[in-house]
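Scroll down for the structure; my scribbles are underneath it.
The values are calculated or read from the model by the stated rules, or taken from the named source; none is laboratory data. Bear in mind the structure is a predicted one, so any value in this text is a computation, not a measurement. Cβ placement follows ideal geometry from the backbone for every residue including glycine, while neighbour counts extend to all protein chains displayed.
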């Protein structure tokens, strides 16, 4: 019997394995995919945003309803600690103008290679192409290329991810084994479907910059993309949970100018200048913004300045969950102890995206996975020491 079985080879699972093996315990990491860290590597394709350098209290608020549940874990292993952890693995990091922290190499693969090398040195065994199918008594059972296999362990850490990006291993199938302990999955950090008129065809694929999106009490100054399917991109992801939950999404095309300032510019004498030229020359609205003003502003009984400041999107439908960057839902915190151990099964801990929390992109997702993985790993060590 091994000391610790970690099911899931993403950031949360690898962090748990790191902590437990560093304490001198035998650890086996099992993953359903041919290699570990696939979603982690995908995140690094556009620059691995490890965390965000900002005031810790503000940082915690990004986790919304799960803030209080995650607060101890984020306090123990937040932005500063993650920066130090990456540097200890030989990765020089830098902080961008928005506070986002990246490895200097802007990729996940060098960090993952260094991390896996450390785990190997600590005696961790990796077993891939094994899919967890539940328990037979106290034995964890797996579907493997060679048939059904079981592993008995003194402690188990479940870190199998959420329900998005099936091709990278996060398909949520594990939820069938924990139905009494989970909240239903929902897409998070996703785009929204929108049927554009033919007039928008020439603008598909273009980024909308220098605007503000607002939904409920959440606002975003990030850019977004007009796609053939609707809207997507970082700016949309920041407000996606509020829109998903029913809040109206509005677009401010000139967030640095007030209604009064815009009204005054529109009222100034312009000779024979057309409205289109006024929007272009006086208000500096680019073609994409002018197209959105026409598309979303049709039929609104509001002065032009007010339309520019608060263009309402029609009712929006989230894109399918498998297209989402992450998911809400998963193992509820009320089904867990403060140590992230399942109340229904002694010695079994949960971590990462399979927990019921969500956060926007920008370093919060990876931080949450690493922090909960570490927390569960430390709890597993204590359990091993006392059992």
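Values computed for the structure shown
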| read-out | value |
| --- | --- |
| Odd one out for residue 123 among (1) more than 21 Å from residue 42 (Cα to Cα); (2) touching a residue at least 40 places away in the same chain (Cβ under 8 Å); (3) assigned to a strand (DSSP E or B) | (3) |
| Condition check for residue 314: outside the structural domain of residue 16 (by TED's automatic domain parsing), part of a loop (DSSP other than H, G, I, E, B) and in contact with a helix residue (DSSP H, G or I) (Cβ under 9 Å, 6 or more places away or on another chain) | yes |
| Any hit, segment 160-167, residues being part of a helix (DSSP H, G or I) and either over 28 Å from residue 380 (Cβ atoms) or in contact (Cβ under 8 Å) with a residue 40 or more places away in the chain (or both) | yes |
| Options 101, 6, 29: the member that is touching a helix residue (DSSP H, G or I) at 6+ places or on another chain (Cβ under 8 Å), modelled with pLDDT under 95, crowded, with 22+ Cβ neighbours inside 10 Å and part of a strand (DSSP E or B) | 101 |
| Checklist (1) over 30 Å from residue 184 (Cβ atoms); (2) touching a strand residue (DSSP E or B) at 6+ places or on another chain (Cβ under 6 Å) applied to residue 291, failing item | (2) |
| Check on residue 299, outside any helix (DSSP H, G or I), more than 28 Å from residue 180 (Cα to Cα) and assigned by TED's automatic domain parsing to the domain that holds residue 256 | yes |
| Selected residue (criterion: modelled with the lowest pLDDT) from residues of segment 68-92 that are surrounded by 18 or more Cβ atoms within 10 Å (Cβ to Cβ) and over 19 Å from residue 55 (Cβ atoms) | 91 |
| Condition met for residue 278 (in contact (Cβ under 8 Å) with a residue 12 or more places away in the chain, closer than 29 Å to residue 100 by Cα and surrounded by fewer than 20 Cβ atoms within 10 Å (Cβ to Cβ)) | no |
| Set 214, 218: member being surrounded by 18 or more Cβ atoms within 10 Å (Cβ to Cβ) and either over 24 Å from residue 162 (Cβ atoms) or within 22 Å of the chain's Cα centre (by Cα) (or both) | 214 |
| Tally of residues being within 17 Å of residue 37 (Cβ to Cβ) and either touching a helix residue (DSSP H, G or I) at 6+ places or on another chain (Cβ under 7 Å) or not assigned by TED's automatic domain parsing to the domain that holds residue 41 (or both) across segment 119-135 | 3 |
